[in-house]
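The values are calculated or read from the model by the stated rules, or taken from the named source; none is laboratory data. Note that the structure is a prediction, hence the values are computed from the model and not measured. Note: ideal-geometry Cβ built from the backbone for every residue, glycine included; neighbour counts use all protein chains shown.
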Amino acid sequence: MDARDERIRPVREADGGALDRRAELSEFLRTRRARVKPEDVGLPDFGRRRVPGLRREELAQLAGVSVAYYTRLEQGNGRNVSTEVLDAIARALRLSDDEHAHLTHLARPLPQKKKGAGPARAQQVRPALRQLLDCFDGVPAYISGRHCDILAWNRMAASLFGDWGRLPEQERNWARLVFLRPDCRELFVDLEQKAIDIVCMLRMEAGRSPDDPRLSALVGELSVKSDEFRRLWARYDVKEKTHGLKRMRHPLVGELALQYESFKIAGGGGQALVTYHAEPGSASAESLRLLASWGADAVSAPSG
């Protein structure tokens with residue numbers, strides 16, 4: 001697939017607006033196979049290859065399954081595939097833990113909600129968690145939901161990222177903010193990495209809940225409105241948000257280097273608590289202190 005084909009590849013949907021799980025499984029395996037070179041796994045590279053990466057027969061050999069069996073799997077037919085076979089294919093493809101989990105979700109999906117059962121309930125944040133957010137003095141913190149929704153936040157998060165309370169509820173979503181709002185995009189020094197992280201998280205969620213109509217609608221909307229999103233979505237990369245360094249560009253205090261941590265909330269239905277902090281004594285720590293002291297003036301700056 002050349003770069004032009006990657007840009008125009010449509011989002012595949014099954015009946016009822018859900019993402020097509022079989023197509024997702026097929027494309028995920030194909031793209032993972034394409035990135036593994038024969039020399040990476042100790043195989044000789046004989047002859048000219050029409051496509052990059054391993055051939056199907058080579059991968060089947062590495063995984064210890066028949067070529068016909070693997071071909072059916074890569075065509076999206078993961079019915080009755082065993083955990084042992086998936087583990088062997090994951091090892092052969094050198095999948096990360098997140099990629100391995102995604103493959104399992106696609107090939108052996110959990111039972112989905114029956115049709116006609118009604119729409120999923122809106123995600124609610126427990127009052128005690130909202131109180132906890134306010135206890136993080138000087139630490140930007142928020143709670144995110146299944147679709148990168150921003151469900152709750154403290155004053156410091158608003159000072160850093162902008163006043164999400166001014167936005168319609170539907171727009172309080174990291175994917176819409178990063179791909180569709182120029183003012184938000186300006187906050188991130190490494191915008192490309194932020195965009196990649198968001199797409200990777202949405203891909204993980206698509207593997208867990210391919211029949212989620214809200215997720216399908218979000219992916220469809222972004223695919224229509226953003227060439228960048230469509231390009232990244234076509235890569236089929238997956239990764240959970242855990243921790244890392246984020247460089248911000250704030251209109252009042254300039255650049256900040258902040259460490260973020262993401263904590264899954266037990267019983268939260270996919271919610272996570274995300275915090276940002278600076279190295280003690282650093283210029284970024286002083287910038288956070290200034291944002292905290294400016295209060296409402298800082299809150300209005302990023303979106304203004």
Item to check | Qualifying residues in segment 214-235 (those that are surrounded by fewer than 19 Cβ atoms within 10 Å (Cβ to Cβ) and under 18 Å from His105 (Cβ atoms)) - the one nearest to the chain's Cα centre (by Cα) | outcome: Arg235
Item to check | Single condition Ala206 does not satisfy, out of (1) over 16 Å from Gly145 (Cα atoms); (2) out of contact with any Gly (no Cβ under 8 Å at 6 or more places or on another chain) | outcome: (1)
Checklist entry - Which of the residues belonging to segment 187-229 are in a loop (DSSP other than H, G, I, E, B), of a type outside the set (Asp, Glu) and more than 20 Å from Gly162 (Cβ to Cβ)? => result Ser209, Pro210
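Considering only segment 202-213, state which residues are crowded, with 16+ Cβ neighbours inside 10 Å and over 14 Å from Leu103 (Cα atoms). Please lay out each step first, then the result.
Applying the first criterion (crowded, with 16+ Cβ neighbours inside 10 Å) to segment 202-213 yields 202-212.
Hits for segment 202-213 are Leu202, Asp211, Asp212.
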Item to check | Among the residues listed as Pro44, Pro10, Pro38, the single one being more than 20 Å from Ala107 (Cα to Cα), surrounded by fewer than 17 Cβ atoms within 10 Å (Cβ to Cβ) and modelled with pLDDT of 85 or more | outcome: Pro38
Checklist entry - Restricting the first residue to segment 158-170 and requiring it to be in contact (Cβ under 8 Å) with a residue 12 or more places away in the chain, which pairs with a second residue that is among the aliphatic types (A, V, I, L, M) meet a Cβ separation below 6 Å and a spacing of at least six or different chains? => result Ala158/Val299; Ser159/Leu291; Ser159/Ala298; Ser159/Val299; Asp163/Val299; Trp164/Ile150
Next on the checklist: When you scan segment 48-59, do you find a residue that is part of a helix (DSSP H, G or I), under 26 Å from the mean Cα position of the chain (by Cα) and exposed (fewer than 15 other Cβ atoms within 10 Å of the Cβ), even just one?
Outcome noted: no
Next on the checklist: If His243 satisfies all but one of (1) within 26 Å of Leu95 (Cβ to Cβ); (2) surrounded by 19 or more Cβ atoms within 10 Å (Cβ to Cβ), what's the number of the condition it fails?
Outcome noted: (2)
Next on the checklist: I'm checking my understanding of the structure. Among residues of segment 135-193 that are under 19 Å from Glu255 (Cβ atoms) and aromatic (Phe, Trp, Tyr), which one is surrounded by the fewest Cβ atoms within 10 Å (Cβ to Cβ)?
Outcome noted: Phe188
